[in-house]
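K.L.:
Can you read through this structure? Questions will come right after.
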Amino acid sequence: MSFKPDSPHLLLTLSAVFWAGTIVFSKNIIESLPPFTLSLGRFSTALIVLLPWMLKKGSFSALKDRQLLVRLVLLGFFGVFLFNSFLYMGLRHTSAINATLINSLNPVLVALLSVVWLKDKITHRQIIGLIISVSGILWIESHGKLNNIVNIQFNPGDVFILIAAFFWAYYSNLAKLVMQKIPAMEAAALALFTGVIFLIPVSIVELHFTSSIDLGWETIITVLYLGIFSSFVALYFWFYGIDKLGGARAANYYNLIPFFGIIMAVIFLGEKVYPFQLVGGALILAGVYYSSRSKKAAPEPLKSVSVKKITES
């Protein structure tokens, strides 16, 4: 596994770190802002940071391509507008163990959609690595007790998280199609732009029916973190990884989020680490490492796939 500065393995790992921070740092403000408004604050911040670069680069000219415009609108709708908002709605109504367990389905769904729509090939090593990683998540969230998994009862929050997992899988595979025509950075920026357009009117309506919001310093700092590190930085790294490794292999790195979340919770929240968490974290790392070594050859080039296959599904 190569860990050069532009290594997709390193950048996908950093994406997991930043998204783990999203989970930890959002914990204190999940009740301070309603879900769509929190998403709008997060992605508007990212867009403001990116806007000067986009204008200088002439990124908006890509929207003149009708096929690319459709893909970018879908990318923003599913990956920015729906996925994050449903995730925040789910976190308001479900436990952490349920949310993480359901969210662990994301790599499985990404891989399945990648095989069906983009014709990516999944090797036996990748399948085994995926199983090992997901097993690590299950071990962490069940506290090393299988009965905790068997006895899970679904509630409306769980349903929101499950739906969000499908949105993420759709988004991750669609990103590969977008990067056939434009670089990863432009794809990330334009996806944020189209997603924010969807978020603005919904957030206005949401705020109208919200009795109160908390805009204290913790909320503001967290939104800035979400916008800068969790959004455009992590998003760009994720796109880059998908472009270099394919959706199926990149999806395994999503399983690192709970592992890094534990470390960050200890540092920033003072939580205690238990043996079952160390075992689960080791399984997650082993699965990602095993899967990432499944190919010694360079990744196969992107194939031309019509967006029609996805939009008509």
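K.L.:
Specify the residue that is surrounded by the most Cβ atoms within 10 Å (Cβ to Cβ); the eligible residues are those in segment 173-217 that are touching a residue at least 40 places away in the same chain (Cβ under 8 Å), over 18 Å from Gln67 (Cα atoms) and not aliphatic (A, V, I, L, M).
P.N.:
Only one residue fits best here, namely Ser203.
K.L.:
If you take the residues in segment 220-269 that are under 22 Å from His143 (Cα atoms) and among the small types (Gly, Ala, Ser), which one is surrounded by the fewest Cβ atoms within 10 Å (Cβ to Cβ)?
P.N.:
Residues of segment 220-269 under 22 Å from His143 (Cα atoms): 252-269.
In the following step, the residues that additionally are among the small types (Gly, Ala, Ser) were identified as 261, 265.
Numbers: Gly261: 23, Ala265: 19.
Only one residue fits best here, namely Ala265.
K.L.:
Go through segment 1-119 and tell me which helices (runs of 4 or more DSSP H), entirely inside it, have 3 or more residues that are closer than 20 Å to Phe237 by Cα and either modelled with pLDDT of 85 or more or within 17 Å of the chain's Cα centre (by Cα) (or both). Spell out the reasoning first.
P.N.:
Numbers: elements: 8-26, 35-57, 66-75, 83-93, 96-103, 106-117.
In segment 1-119, the matching helices (runs of 4 or more DSSP H) lie at 8-26, 35-57, 66-75, 106-117.
K.L.:
May I ask you to list the residues in segment 25-76 that are within 30 Å of Ile267 (Cα to Cα) and of a type in the set (Gly, Ala, Ser)?
P.N.:
Listed by number, the residues that qualify are Ser26, Ser32, Ser39, Gly41, Ser44, Ala46.
K.L.:
In this structure, does Gly129 turn out to be more than 18 Å from the chain's Cα centre (by Cα) and either under 24 Å from Leu285 (Cα atoms) or modelled with pLDDT under 80 (or both)?
P.N.:
Details: more than 18 Å from the chain's Cα centre (by Cα): yes; either under 24 Å from Leu285 (Cα atoms) or modelled with pLDDT under 80 (or both): yes.
Spelling it out, Gly129 is indeed more than 18 Å from the chain's Cα centre (by Cα) and either under 24 Å from Leu285 (Cα atoms) or modelled with pLDDT under 80 (or both).
K.L.:
Only one residue in Ser15, Ser7 is among the hydroxyl-bearing types (Ser, Thr, Tyr), in contact with a Phe, Trp or Tyr (Cβ under 6 Å, 6 or more places away or on another chain) and within 21 Å of Pro107 (Cβ to Cβ). Which one?
P.N.:
Numbers: Ser7 fails: in contact with a Phe, Trp or Tyr (Cβ under 6 Å, 6 or more places away or on another chain).
The unique qualifying residue is Ser15.
K.L.:
Now a separate question. Hey, can you tell me all the residues within segment 119-136 that are of a type in the set (Val, Ile, Thr) and over 10 Å from Arg249 (Cα atoms)? First the steps, then the outcome.
P.N.:
Initial filter on segment 119-136 (of a type in the set (Val, Ile, Thr)): 122-123, 127-128, 131-132, 134.
Within segment 119-136, Ile128, Ile131, Ile132, Val134 meet the criteria.
K.L.:
May I pose another question? Here's a check for you: in segment 132-151, which residue that is among the β-branched types (Val, Ile, Thr) and loosely packed, with under 15 Cβ neighbours inside 10 Å is modelled with the highest pLDDT? Quick ask: steps written out before the conclusion?
P.N.:
First pass over segment 132-151, keeping only residues among the β-branched types (Val, Ile, Thr): 132, 134, 137, 140, 149-150.
Right, trim to loosely packed, with under 15 Cβ neighbours inside 10 Å and you get 149-150.
Values: Ile149: 67, Val150: 70.
Looking at residues that are among the β-branched types (Val, Ile, Thr) and loosely packed, with under 15 Cβ neighbours inside 10 Å, I get Val150.
K.L.:
Here is a further query. Answer with yes or no whether Lys308 is basic (Lys, Arg), modelled with pLDDT of 70 or more and either over 22 Å from Arg125 (Cα atoms) or out of contact with any Phe, Trp or Tyr (no Cβ under 7 Å at 6 or more places or on another chain) (or both).
P.N.:
No.
K.L.:
Which of (1) within 22 Å of the chain's Cα centre (by Cα); (2) at pLDDT below 80 does Glu271 not meet, given it meets every other one?
P.N.:
Going through the list (1) within 22 Å of the chain's Cα centre (by Cα); (2) at pLDDT below 80, Glu271 breaks only (1).
K.L.:
Another question, if that's okay. With (1) at pLDDT 80 or above; (2) crowded, with 19+ Cβ neighbours inside 10 Å as the list, and Pro156 as the residue in question, which single condition is left unmet?
P.N.:
Here Pro156 clears every test but (2).
K.L.:
Considering only segment 264-276, I want to know if a residue exists there that is of a type in the set (Lys, Arg) and over 17 Å from Ser7 (Cβ atoms).
P.N.:
Let us first name the residues in segment 264-276 that are of a type in the set (Lys, Arg), namely 272.
Narrowing the set further to residues that are over 17 Å from Ser7 (Cβ atoms) leaves 272.
Within segment 264-276, one or more residues are of a type in the set (Lys, Arg) and over 17 Å from Ser7 (Cβ atoms).
The values are calculated or read from the model by the stated rules, or taken from the named source; none is laboratory data. No experiment lies behind these values; they were computed from the predicted model shown. Ideal geometry is used to build each Cβ from the backbone, glycine not excepted, and the neighbour counts take in all protein chains shown.
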